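Remarks on the structure that follows.
Just so it is clear, none of the values below were taken in a lab; they were calculated from the coordinates. In this text, all values refer to a predicted model and were calculated from it rather than measured experimentally. So basically every Cβ, Gly included, is an ideal-geometry build from the backbone, and we count neighbours across all protein chains shown.
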Amino acid sequence: MAEQATERTGVPVVFTTNYPLFYFTERIAGDRVKLVFPAPADVDPAEWMPEDAIIRGFQEADLILLNGAGYEAWVERVSLPATALVDTTAGLRERFIEITEAVTHSHGPHGLHTHAGTAFTTWLDPRLATEQARAIRDALIRLLPEQAEDFTARFDRLAVDLVALDTSLEEAFGSRPGEPLLASHPVYQYLEARYALNLRSLHWEPDEVPEEEEWAELDRLLAEQPARFMVWEDEPLAETADRLTERGVAVITYNPGAQPPEEGDWLALMRENAARVQAALGRP
Amino acid sequence: MLRLFPLVRAYLRFHWGKTVILAICLATALYVPLAAHGLVRLLQQEMTQRAEATPLVIGAQGSRFDLVLHALYFRTEAPGQVRQAERFALEETGRGAVYPLHVRHRARGFPVVGTTLEYFAFRGLGVEAGTAPLRLGDAVIGWEVARSLELRPGDRLPTDPTTVFELGGAYPLDLRITGILERARSPDDRAVFVDLRTAWVIDGIGHGHDDLEAADAAEGLIARDDRHRVAGAALTMATRITSENIAAFHFHGDPADFPLTAVVVAPTDARERALLLGRYLDGDGAYQALRPPEVIGELLGLVVRLKRFFDLHHLFLLGVTVLFIGLVMLLSLRLRAGEIRTMVLLGCARGTIFRLTAAELVLLLAVSAVVAVSAATLTAFVAKTWIQTLVG
């Protein structure tokens, strides 16, 4: 029904659902495929619902790379060709982190259920990111078997970069093991698990000044978790940063990179994150 | 003898009443077996074609005929459900393409077929107008459905409610028509295709409802504590999926447990087909694997046996008709005794009179045969589309 893109252009079309997947695919496939990451720049791809025209694009793609782990909630609300879907974390289920702090409810004959799920920013753990990239390589080889050697060589180079990133993060976080940390949003679960961080999360947005009630909640949390650093997805507003400084809490910006950065690429962004962590935690 | 035909033709035309009655009797006696033969052959042809285009059907244990007719024609109820885990297991084997089917609901009397986008390519179905289903609540309708219900892309089509006497049953869902399929001259023309997940929404496994944390949902809540909310029937359930409420739609339970009614499998080759069939050789299992050409062949065997009985019946009727026409001819000859005597007195040989009578019969038979064959051909032509849509 939906004419596959390859049939029209001769080049396979690969759709990705977040920027890390886009970056990994670009590194592995180069210009052998036409790569599309259709989420608008101003939305979080995890909270996104594609427009009809974009869904049609997905339907015509030769390969649709999903992050999985519950990242693309919208996928269960749209019609996509099952044979084109590749869940890059399908083989990592045992390493998923469940979110338990959520309300359950029930109605009808189907019993209790919850809308909580799995932490999905898997790529923040470079070792999981490597496995996702490996799944992408395998999917690309199935799509273009004649390019297997090239894809494998390119993947190997990416894997080396990810190992180096892992090492630098290990050093950065390892400079103060067990240091109490806060996170503005619960998105760092895999980072926490990988580097054994002592991290507690809030639900604060960088572009909003928290309400007084939220500051009170922070004060209660600081009593339990005497953190001197708070990890943010993006630079918080100056007012927020100032009030944190008053409490002796410094800001560390750690951008998860679900969207492309204004400059550089995903790896550069992660290296900058690592450098910021190193600069903050490495200080005496 | 040929020179006698103008005379015979003039006679038959003059006695047109008798000629028409005799021709109708003879033509009917010839038409019925001819038409029946044509229709049965067409039925065999179309059913075999659809069955051969459907290599394997997996479904619950039970009537083999029900399962195959369900998977091919969406007509009968499936003998039972297939857990989606079975579909995943089949896909995992990599032995062929897997097309899940969920056919439990109807919309304005037409079957609602839940499946994946790959089904359309498998059946060679193209879109005449609009697009394939894009999101939950979308449907692409068969050519015949569009024509019968006068629907176009953008229109709405509600599913038939099942909750009239079953308060806990499925709510009707207002489907958004995104496309109309090209005419396929098959049962797909009379189906409403939706994504599998939309079928599960109609089942009630997936749904959208008020935010249970919102104040206006309070009256829908029966009980709540810090971590649990129990909602009652007063909770407002969405019966139309829109851009505004689609994010509220969610599914309950493990997708592996979600129900299908059949799974069509197209194995990559004969070896894989044998291996797939081997998976289900143990008759004690919950599922069976059927080869539609075999099952349809059996079914058609019954039809052919029935047809043989009717063939004998038709032969008997034909014999009676011939006797009846013979009687009419004899009586006619008696009525024409004076006419024949005059012909003899005018010098006409008795052989010529016999040839005249024979020519009359031959002409009558020829006209009747032409009428019968034409009518049978016309019947087959008219019935072809109907049979194709029904079983093709």
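The table that follows gives values for the structure above.
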quantity: Nearest-0.05 FRET efficiency for B:Glu92 and A:Thr167, computed from C-beta distance (R0 41 Å); calculated: 0.65
quantity: Amide H within-cut-off set for B:Arg240, under 5 Å, with H built and near neighbours excluded; calculated: B:Asp174
quantity: ³J(HN,Hα) computed for each position of region B:302-310 - Karplus, 6.51 cos²θ - 1.76 cosθ + 1.60, integer Hz, glycine/proline x; calculated: 5, 4, 5, 5, 5, 5, 4, 4, 5
quantity: C-alpha center-to-center spacing [region B:99-119, region B:286-307] in angstrom; calculated: 23
quantity: HN-Hα J in Hz across region B:98-114 - Karplus 6.51, -1.76, 1.60, θ = phi - 60°, x for Gly and Pro; calculated: 10, 10, x, 10, 9, 10, 10, 10, 10, 10, 6, x, 8, x, 9, 9, x
quantity: Cα long-axis angle, helix A:126-143 against chain A (0 to 90 degrees, to the nearest 10); calculated: 10
quantity: Distance histogram for chain A (every C-alpha pair counted, 5 angstrom bins, percent rounded to whole numbers); calculated: 1, 5, 11, 15, 16, 16, 13, 9, 7, 4, 2, 1, 0
quantity: Prolate/oblate/rounded label for region A:168-281 (Cα gyration tensor, a/c 1.5); calculated: oblate
quantity: Antiparallel %, DSSP beta bridges [both residues in region A:5-166], to 5; calculated: 30
quantity: Net lengthening on full extension, B:Thr377/B:Ile340 (0.36 nm per residue, minus Cα-Cα); calculated: 9.3 nm
quantity: Estimated FRET transfer efficiency (A:Val160, B:Ala129; beta-carbon r; R0 56 Å; 0.05); calculated: 0.60
quantity: Estimated inter-spin distance, A:Glu239 and A:Ala73, nm [label 7 Å along Cα→Cβ]; calculated: 2.8
quantity: Order of B:Val367, B:Val20, B:Val103 under a 10 Å beta carbon neighbour criterion, fewest first; calculated: B:Val20, B:Val367, B:Val103
quantity: For chain B, built as a Gaussian network whose Cα springs stay under 10 Å, the top-fluctuating residue of B:Asp138, B:Asp160, B:Asp269; calculated: B:Asp269
quantity: Scattering profile of the protein assembly as shown at q = 0.06, 0.07, 0.09 Å⁻¹ [log10 I(q)/I(0), Debye over alpha-carbon scatterers]; calculated: -0.51, -0.63, -0.90
quantity: Karplus-derived 3J(HN,Hα), 6.51/-1.76/1.60, for each residue of region B:356-366, Hz, glycine and proline x; calculated: 4, 5, 4, 4, 4, 5, 4, 4, 4, 4, 4
quantity: Label-point separation in nm, A:Arg247 to A:Ala193, each point 7 Å along Cα→Cβ; calculated: 2.8
quantity: Cα Rg, Dmax (largest Cα-Cα span) when computed across chain B, Å; calculated: 31.5, 120
